[in-house]
Amino acid sequence: MAKMKILAICAGILLLAVMVAIVDPAGVLDALSRVPPGHVVAAVVVVQIQIVLSALRWRLTAARLGHLIP
């Protein structure tokens with residue numbers, strides 16, 4: 001099991017290194033700096049709402065299967 005965890009971490013690091021090599025990091029930072037702060041806040045709020053709705057969905061699914069989640 002520990003070998004799989006190490007393999008997963010190495011794969012993630014490798015993927016990140018490949019992405020940095022392919023994409024221009026300065027260009028990405030420049031593009032992100034031009035995003036209006038309101039859009040970032042809206043995106044974060046939408047993601048948080050989606051997480052809560054997903055948790056409620058799984059609670060409902062578990063309850064229908066006879067597993068109570070507090």
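Are there any pairs with C-beta distances below 9 angstrom linking a residue in the range 52-70 that is free of Cβ contacts under 8 Å to residues at least 40 places away in the same chain and surrounded by fewer than 10 Cβ atoms within 10 Å (Cβ to Cβ) to a residue that is part of a helix (DSSP H, G or I) and small (Gly, Ala, Ser), with the two at least 6 apart or on different chains, and if so which?
Leu68/Ala62
Which is outside any helix (DSSP H, G or I), under 20 Å from the mean Cα position of the chain (by Cα) and either modelled with pLDDT of 95 or more or at positive phi (or both), of Val52, Val45, Val35?
Working: Val52 fails: outside any helix (DSSP H, G or I); Val45 fails: outside any helix (DSSP H, G or I).
Answer to the check: Val35.
Using the structure shown, decide if Val18 is under 17 Å from the mean Cα position of the chain (by Cα), hydrophobic (A, V, I, L, M, F, W, C), outside any loop (DSSP other than H, G, I, E, B) and surrounded by 10 or more Cβ atoms within 10 Å (Cβ to Cβ).
No: the conditions fail for Val18.
The values are calculated or read from the model by the stated rules, or taken from the named source; none is laboratory data. What you see is a predicted model; the values in this text were computed from it and never measured. Cβ: placed from backbone, ideal geometry, glycine included. Neighbour counts: every protein chain shown.
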